[in-house]
Amino acid sequence: MEIYKELWYKVKEEYNEQTAFGNVYNMNIEVLMSNPFFESRVMLGEDEHLRMLKEGLAKSFDKSVEFVLKG
């Protein structure tokens, strides 16, 4: 969590012309692009793996909302 909080502040600094919504979007792109597993799936053209990752990310968004609400 600390690493991602730091990433949030760094993204806000680098993309200061963006809205908070745009910065969440940019942060998500940077997280994905920095992940070696994600990069390898893209470079290998592993469309099925990418589809599974995309579906999992959508579910993880909903789970994150649940976690925040539970505090």
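Odds and ends about this structure:
- Efficiency of FRET between residue 60 and residue 17 - r from beta-carbon atoms, R0 35 angstrom, step 0.05: 0.80
- Estimated dipole of region 2-70 in Debye, rounded to 20 [Cβ of Lys and Arg +1, of Asp and Glu -1, Cα centre]: 240 debye
- The Kirkwood radius of region 2-70, taken over pairs of alpha-carbon atoms, gives through the Stokes-Einstein law at 37 °C and 0.692 mPa s a diffusion coefficient of 242 µm² s⁻¹.
- Residue 1-residue 39 FRET efficiency (beta carbon distance; Förster radius 30 Å; 0.05 resolution): 0.80
- Full-stretch length increase - residue 8, residue 46 - with 0.36 nm per residue and alpha-carbon distance subtracted: 10.8 nm
- Sparsely packed loop sites in the chain (the GluC sites (Glu not before Pro) outside DSSP H, G, I, E and B with at most 10 other Cβ atoms within 10 Å) comprise 17.
Every number in this text was worked out from the coordinates using simple rules, so none of it is lab data. Given the structure is predicted, the values throughout are model-derived calculations rather than measurements. Glycine also receives a Cβ, built like all others from the backbone with ideal geometry; neighbour counts cover every protein chain displayed.
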